[in-house]
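To start, the structure under review is shown below, and the notes come after it.
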Amino acid sequence: MRVLLAFDKFKDALSAREACEIAGHALGERNPGWSFDVCPLADGGEGFGEILTAAAGGETRRYSVTGPRGLPVEAAVGLVPLTHIPSRARQFLGLENEAAAGGVGRRVALIEMASASGLALLAPQERDPWRASTVGTGQLIRHALEEDVALILLGVGGSATHDLGLGALGELGLEFHAADGQRVHPPTPEHWPRIARLAGRIPARAPIRIACDVTNPLLGARGAAATYGPQKGLRATDLARLEHASGRLGLLLCHHCQQPDSLMDTPGAGAAGGIAFGLMAAAGAQLLPGFDLVSAWLDLDRRVSAADIVITGEGRFDDSSLSGKGPGAVAARALALGKRAHVFAGAVCAASSHDGLTLHAVTPAGTPLDRALRETSLNLRRAVLNAF
């Protein structure tokens with residue numbers, strides 16, 4: 001029996017790799033003759049860089065960079081040879097022609113924004129989008145450029161910031177000045193009232209691609225501040241002020257970079273506190289569908305086809321999951337191929353009405369959230385053993 005283990009993370013409890021390992025160990029004890037294909041999933045957030053780098057046999061360089069609130073953190077850049085990346089993923093990245101032309105020695109740099117500017121790096125009482133910065137993400141991009149890479153692939157999930165990526169852009173060559181000429185650094189929202197003009201340009205070097213599945217524009221009811229600000233510590237009473245300030249800085253950036261104001265309306269421009277908008281405006285970055293790219297990079301279709309049983313899961317699984325990304329997409333693909341699929345989730349808020357699909361809630365009913373998070377490893381192991 002061949003089993004594909006393709007878990008995403010259980011947020012605040014288990015990484016995708018940890019979930020795969022727990023399920024694999026439990027199944028291996030119960031069924032020693034089974035074989036396992038371990039395929040942790042990522043969507044651009046935590047684990048993105050590590051998972052994709054490891055899957056393609058790349059190497060990791062670690063750096064000390066500036067965290068979201070100014071303290072140093074250790075973060076990584078993954079370096080993957082172009083020839084190690086599956087053809088479909090190279091097509092997503094626009095690198096198929098370079099590979100066909102020989103591309104030997106060229107590499108793609110993988111950067112996970114969450115490792116340098118992520119929400120998980122801050123305790124709940126430290127989360128404040130007025131003061132959080134993407135400086136560290138810009139430092140990682142700069143380190144990657146020093147490696148003379150063919151392309152930079154940035155995953156932007158799990159950010160702590162709402163600085164439109166200005167902190168990162170400042171590390172790449174842009175400058176922010178007050179009316180009296182003094183430089184404003186870091187250009188976090190609390191300092192935006194002082195910014196009167198921008199200076200400098202970002203040199204054209206390796207292209208930047210952003211793995212992103214959100215479709216939020218920068219501003220408005222579905223914009224970055226309204227949608228994601230509260231989870232980053234934004235008070236409801238501050239929303240209008242941050243929205244207005246974001247619009248002003250967005251216009252300044254568009255005009256300085258000779259981009260149309262409508263760039264702020266682009267689906268996905270609001271990703272990760274607007275870093276997608278900032279990098280599009282000043283560095284010519286392009287957005288890519290995150291999970292589709294990850295699926296191609298991990299060769300998921302082939303691996304699902306080769307499995308007898310597909311086991312996936314994440315923190316929460318609901319009625320929209322089967323038509324969405326990540327574990328839901330894996331399960332849907334398995335069902336389409338006539339495979340048995342099992343989904344294990346901390347919370348299941350969906351009815352399993354699909355032949356061949358079994359949903360398992362790993363958390364016992366009535367368990368308080370803090371205890372459920374602490375005991376996720378034990379609960380997942382127990383649920384897998386009970387199911388098989």
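The values are calculated or read from the model by the stated rules, or taken from the named source; none is laboratory data. Keep in mind that this is a model prediction, so the values were computed, not measured. Reconstructed Cβ throughout: ideal geometry from the backbone, glycine too, with neighbour counts over all protein chains shown. What goes into the accessible areas is simple: the full protein's heavy atoms, side chains included, and nothing from ligands, DNA or RNA. Shrake-Rupley method; radii C 1.70, N 1.55, O 1.52, S 1.80 Å.
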Problem - Choice from Leu122, Leu93, Leu293 with maximal GNM fluctuation in the chain (Cα, 10 Å cutoff) - result: Leu122
Problem - Value of relative contact order over the chain, rounded to a whole percent, pairs C-alpha under 8 Å and six or more apart - result: 18
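By average Cβ neighbour count within 10 Å, what is the ranking of 206-212, 154-160 from highest down?
154-160, 206-212
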Completion exercise
Note on segment 49-94: C-alpha Rg/Rh, Kirkwood Rh, two decimals, gives 1.13
Completion exercise
Rounded to whole angstroms and listed largest first, the alpha-carbon spread of segment 56-163 along its three principal axes comes to 51, 22, 21
Exercise for the section: Roll a 1.4 angstrom probe over the protein heavy atoms and tell me the percent of accessible area of segment 192-348 that is carbon or sulfur. Expected result: 53
Fill in the blank from the handout: If each K or R counts +1 and each D or E counts -1, the residues other than Arg371 whose Cβ falls under 15 Å of its Cβ total -1
Practice task
Round to the nearest 10 and give me the degree value, 0 to 90, for the angle of helix 135-145's Cα axis relative to the longest principal axis of the chain.
Solution key: 80
Exercise for the section: Measure off, as a whole percent, the carbon and sulfur share of the 1.4 Å-probe accessible area of segment 1-87, all protein chains present. Expected result: 49
Problem - For the chain: accessible area per residue (Å², 1.4 Å) - result: 41
Handout entry: GluC sites (Glu not before Pro), loop per DSSP, at most 15 other Cβ atoms within 10 Å - longest free stretch of the chain
Key = 148-388
Fill in the blank from the handout: The FRET efficiency for Ala179 and Ser87, from their Cβ-Cβ distance with R0 = 41 Å and rounded to 0.05, is 0.20
Practice task
Can you tell me the relative contact order of segment 191-305? Whole percent, Cα pairs under 8 Å, sequence separation 6 or more.
Solution key: 38
Completion exercise
If each K or R counts +1 and each D or E counts -1, the residues other than Tyr63 whose Cβ falls under 15 Å of its Cβ total -4
Handout entry: Value of [θ]222 nm, deg cm²/dmol, for the chain, DSSP H segments ≥ 4, -39500 (n - 2.57) each, nearest 500
Key = -10000 deg cm²/dmol
Practice task
Mind pulling the angle between the C-alpha long axis of helix 327-336 and the longest principal axis of the chain? Nearest 10 degrees, somewhere in 0 to 90.
Solution key: 50
Exercise for the section: Under 12 Å from the Cβ of Cys212, count the other residues' Cβ atoms, weight Lys and Arg +1, Asp and Glu -1, and hand me the total. Expected result: -1
Handout entry: Relative contact order (%) - segment 285-388, alpha-carbon pairs under 8 angstrom, separation at least six
Key = 21
Problem - 0 to 90° range, to nearest 10: angle between helix 271-283 axis and the chain longest Cα axis - result: 50
Fill in the blank from the handout: GNM on the chain, Cα springs under 10 Å; top mean-square fluctuation among Gln139, Gln231, Gln125 goes to Gln125
